[in-house]
């Protein structure tokens, strides 16, 4: 058999898949068409570049190794050492950090590594409750975090739906946590990382900032960075537009001494040791290569300017929906996401029924529990919208106004069947779907 060049080998991969497994090939094709023909308003999703996809599907996938560059347990690691060092250097430059660990498999794994490094079983964590916008890995009773540590939630204000830092400070003084976690999955206003660090210092706690949802904005300067306020900062790498995976970065506290296993280590070294062999085995080297590609893309001015457009589009979309009579939490947004109280916007509507109704018209959103929500996770009162994908595909303020009109038309004309189902008027649905497809055809996936 003739030996192929590297480029020839990789160019033929999709054809090989079609011949080898037509069923999976066909399903991938269906997913491609779904993405191309629906408006993606998911705050937790983004699209990576074709260059990132190429790195994910490369022969780097074959390499197994454990440990960090220069200290691997497996032979033949010279090239992947170079890849990981490059990814780490680019991540440090991107976030203005002193340390970057590109090995975590996900944002949740990154959080688990940090918690295992900083805490002992039963230690106290003060974090935003999942029912108030926090992430499951921050302390949900159903997560490892909730099972192994003592969790107390801080809340947002019942009237304004924003964080009250004076109350959080009072709670921290009373609770005396070992760790405070800031960052959220459903919070639309600016987070005061400096204020959180002041609270952490006052009570002698570590501060972890999970910026998975806003990391792209932090990169661009569209949101303040926590890197030199938090002891440790974590993020997923797919939400800002890279591959699936996680990242840990540290700023000025990276070499702060910490006592572990009877001896003192700098914090960065203890994080390394907790990553391997503490929490993970072999890293996904193809994902690390893809992270390096993404970090280079994110260093560009084009990427950074796009993040400001993401925010501008979210502000426009929130304003248009509010003008149409929808209940928008906090009255707007400072970031990429919008929280809509669907139950308050139309009698009988729930987050679940609104989500399904919109998807039947080609508009994809999340249902989400809102703060002080009286409904359960199956139903929810709210939907969460995000603008990263539509912005990446080139949409701007005019398209946000059009999308708001389509959302309004979908939900205002729908027949409410029960708490899980509402169906749009068929003639209205046909018109809405046609407009959705027209928008998608003018702004295809990039």
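Of all beta bridges that DSSP places with both ends in the chain, some 60 percent have antiparallel geometry. Gain on full extension, evaluated as 0.36 nm per residue between residue 7 and residue 157 minus their Cα-Cα distance, stands at 48.4 nm. Principal semi-axes of the equivalent ellipsoid, √(5λ) from the alpha carbon gyration tensor of the stretch 176-258, are 22, 14, 11 Å from largest down. Along its first, second and third principal axes, ordered by size, the stretch 135-177 spans 30, 22, 10 Å in Cα coordinates. Modelled label positions at residue 14 and residue 427, each set 7 Å beyond Cα in the direction of Cβ, lie 4.1 nm from each other. With Kirkwood's inverse mean 1/r over C-alpha pairs for Rh, give me the Rg to Rh ratio of the stretch 59-298, two decimals please. The Rg/Rh ratio comes out at 0.96. Ranked by the mean number of other Cβ atoms within 10 Å of their residues, highest first, the peptides 44-50, 99-105 come out as 99-105, 44-50.
Multiplying the residue separation of residue 21 and residue 45 by 0.36 nm and removing their Cα-Cα distance gives an extension gain of 5.9 nm. Once you have a ≥ b ≥ c as the square roots of the Cα gyration tensor eigenvalues for the stretch 219-309, tell me rounded if a/c is under 1.5, and otherwise prolate or oblate according to whether a/b is larger than b/c. Here the stretch 219-309 falls in the oblate category. The per residue volume of the convex hull around the alpha-carbon atoms of the chain is 152 Å³.
How far, in nm, would the chain grow between residue 89 and residue 30 when pulled straight, counting 0.36 nm per residue and subtracting the alpha carbon separation?
Going from the current span to full extension adds 17.5 nm.
Listed from fewest to most Cβ neighbours within 10 Å, the set 6, 440 follows the order 6, 440. Taking a quarter of the surface of the Cα convex hull of the stretch 147-287 gives a mean projected area of 10.0 nm².
A simple spin-label model places pseudo-atoms 7 Å from Cα toward Cβ; at residue 308 and residue 174 they are separated by 4.3 nm. In the stretch 94-216, the inverse of the mean reciprocal separation of distinct Cα atoms equals 14.7 Å; this is its Kirkwood hydrodynamic radius. Once the cut-off is 18 Å, how many percent of the Cα-Cα pairs in the stretch 311-418 end up in the long-distance tail? I get 43 percent for the Cα pairs in the stretch 311-418 exceeding 18 Å.
A simple spin-label model places pseudo-atoms 7 Å from Cα toward Cβ; at residue 359 and residue 259 they are separated by 5.2 nm.
Treating r as the C-beta distance of residue 438 and residue 61 and R0 as 35 Å, the FRET efficiency rounds to 0.35. Annotation: the residues 291, 375, sorted from fewest to most other C-beta atoms within 10 Å of their own C-beta, follow the order 375, 291.
Quick one: pull the percentage of alpha-carbon pairs in the stretch 267-373 with a separation above 24 Å. So the portion of pairs separated by more than 24 Å is 52 percent. Exposure proxy for 173, 271: other Cβ atoms within 10 Å of each Cβ, ordered fewest to most, give 173, 271.
No lab work stands behind these numbers, since they all come straight from the coordinates. Bear in mind that the values here come from a model prediction, so they are computed numbers and not experimental data. Counting neighbours? That spans all protein chains shown, and the Cβs are built from the backbone with ideal geometry, glycine included.
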